[in-house]
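The values are calculated or read from the model by the stated rules, or taken from the named source; none is laboratory data. Keep in mind that what you see is a predicted model, and the values were worked out from it rather than measured. In this analysis, Cβ positions are derived from the backbone assuming ideal geometry, glycine residues included, and neighbour counts consider all displayed protein chains. Accessible surface is based on the protein model in full, side chains and every heavy atom, while ligands, DNA and RNA are left aside. Shrake-Rupley method; radii C 1.70, N 1.55, O 1.52, S 1.80 Å.
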Amino acid sequence: MDVGVTQLQMAQAGDTDSLAATILLVDDEPANVKLLERALRTFGYSSLLATTDPRTVLGLFQQHGCDLIILDLNMPNMDGFEVMRQLQALGRTDLPPILILTAQHDQEHRVRALRGGAHDYVTKPFAVDELLARVRNLLQVQLYHKSMRGRNQWLEERVRERTEELYDTRLQIVRRLGRAAEFRDNETGLHIVRMSKMSVALAEAAGMCSGDCELLLNASPMHDVGKIGIPDHVLLKPGKLEPHEWEVMKGHTTIGAEILSGDDSELLSMARIIALSHHEKWDGSGYPNGLQGEQIPLVVRVVALADVFDALTSERPYKKAWTLEAALEYIDGNRGKHFDPRVVDMFHERLADILAIRAEYADPVSPAA
Ligand SMILES: [Fe+2]
Ligand SMILES: [Fe+2]
């Protein structure tokens, strides 16, 4: 066989990517391996792996990877069919193409090999030019697939980064909205922190998945964002509200929902639902829609309890903080009325955690107190 540089090889010499590809040669006959190695090296392929023991193919592939396998069929210990079967059993999507190089001329072997995973089939003795042309073709397809896989991974990574960025931006917006609402209200920033963390403690107890709990943590601080739209003479009135003022005040739920609408992200959707419904009551006596029982989404039911519990046990300009006992009595008294009975049970179950949140984020004691 002529392994010199021919015209065909000259024409292909610029194909540097293919030449850098790794080729694994598998033939039990050392002389065949040598001949093949020489032909490929002469042509410019420099990254060659070779073995005369088919049982080592899997290990070599797993350890070094390769872009093409040139495989003999008839070998002791393990034939080429079994090598292909084992490679496919790896279940990898990046298996290299396999070129069968065998003395078996018959069609039965050829068809069986091609069905068994081979991409091409060359019989010995072979013409070097033809073999090299087939090697080059297989490598070009393989390298194209490889670059597409790399490109897809790169794109997936960019999409993931952009998605994270978008989520972070939304998070910043809702946090800033929450801060804006705090400026309008008597409630302190720490109320928001406590009630959102308490809501998550209850949601976890209810079996909510960690992704939803994270959303709840970030969405629940928006529950009173609608107070931005309530006039000062109502929102900041020191005394009891007149019925018509109370109606205006109730509007903070629908105003909040409106502020948070128009975006279908999970975060803003949950924030909108909470803002709209956090004053709904289990028995249907709440507002704005008089929803009842499980018509009220679970996230809202946990927020409603956490919000009220924290408001009761906190000092406000217009009221003293209730004692824990009084607050617990109120919650138990409203089991099945204001609050979902199951959420009340979970509240008792997680009381130690809730009290720990209350202690960790306690309002600073004012000097006058
Ligand atoms: Fe509210
Ligand atoms: Fe609140």
Any chance you could give the angle, 0 to 90 degrees and rounded to 10, that helix 128-183 forms with the longest Cα principal axis of the chain?
10
Largest to smallest accessible area among Phe309, Phe81 [probe 1.4 Å]
Phe81, Phe309
At q = 0.20 Å⁻¹, what is the base-10 log of I(q)/I(0) for region 167-279 according to the Debye formula with one equal point scatterer per Cα and no solvent? Please give it to two decimals.
-1.05
Quick check on region 15-135: take the gyration tensor over C-alpha atoms, sort the square-rooted eigenvalues as a ≥ b ≥ c, and tell me if it's rounded (a/c under 1.5), prolate or oblate.
rounded
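If you place +1 on the Cβ of every Lys and Arg and -1 on the Cβ of every Asp and Glu, how big does the dipole about the Cα centre of the chain come out, in debye to the nearest 20?
Details: 40 positive and 54 negative charges, 66 e Å.
So the dipole magnitude of the chain works out to roughly 320 debye.
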Based on alpha-carbon positions alone, could you give the equivalent ellipsoid semi-axes of region 260-322 from the gyration tensor, as √(5λ), descending, whole Å?
24, 16, 10
Applying 1/(1 + (r/R0)^6) with R0 = 56 Å to the Cβ-Cβ distance of Glu165 and Thr16, what FRET efficiency is obtained, to the nearest 0.05?
0.90
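Gain in length, Lys337 to Arg41, computed as 0.36 nm per residue apart minus the alpha-carbon separation, to one decimal in nm?
98.2 nm
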Cβ-defined net charge surrounding Met198, 9 Å radius [Lys, Arg +1; Asp, Glu -1]
+1
Pair Asp232, Asp345: separation of 7 Å Cα→Cβ label points (nm):
4.9
Links exceeding 20 Å between C-alpha atoms in this model, out of Lys240/Lys281; Lys197/Lys337; Lys34/Lys124; Lys227/Lys320; Lys240/Lys320; Lys227/Lys250, come to Lys240/Lys281; Lys197/Lys337; Lys227/Lys320
Correct semi-axes for the chain, from √(5λ) of the alpha-carbon gyration tensor and rounded to whole Å with the largest first, are 75, 22, 17
Taking the Cβ of Lys34 as the center, what net charge do the other residues with Cβ under 15 Å away carry, scoring Lys and Arg +1 and Asp and Glu -1?
-2
Could you state the accessible area per residue of region 227-287 in Å², with a 1.4 Å probe and every protein chain left in place?
52
Charge context of Ser269, other residues only, Cβ under 15 angstrom, K/R +1, D/E -1
-4
Given a Förster distance of 51 Å, report the FRET efficiency between Thr56 and Glu266 from their Cβ-Cβ distance, rounded to the nearest 0.05.
0.50
Leaving out ligands, DNA and RNA, what percent of the accessible area of the chain is carbon and sulfur, probe 1.4 Å?
53
Want the number for Gln153 to Thr93: 0.36 nm per residue separation, take away the alpha-carbon distance, what's left?
20.3 nm
Taking springs between alpha-carbon atoms closer than 10 angstrom, which of Ala304, Ala321, Ala133 fluctuates most in the Gaussian network model of the chain?
Ala133
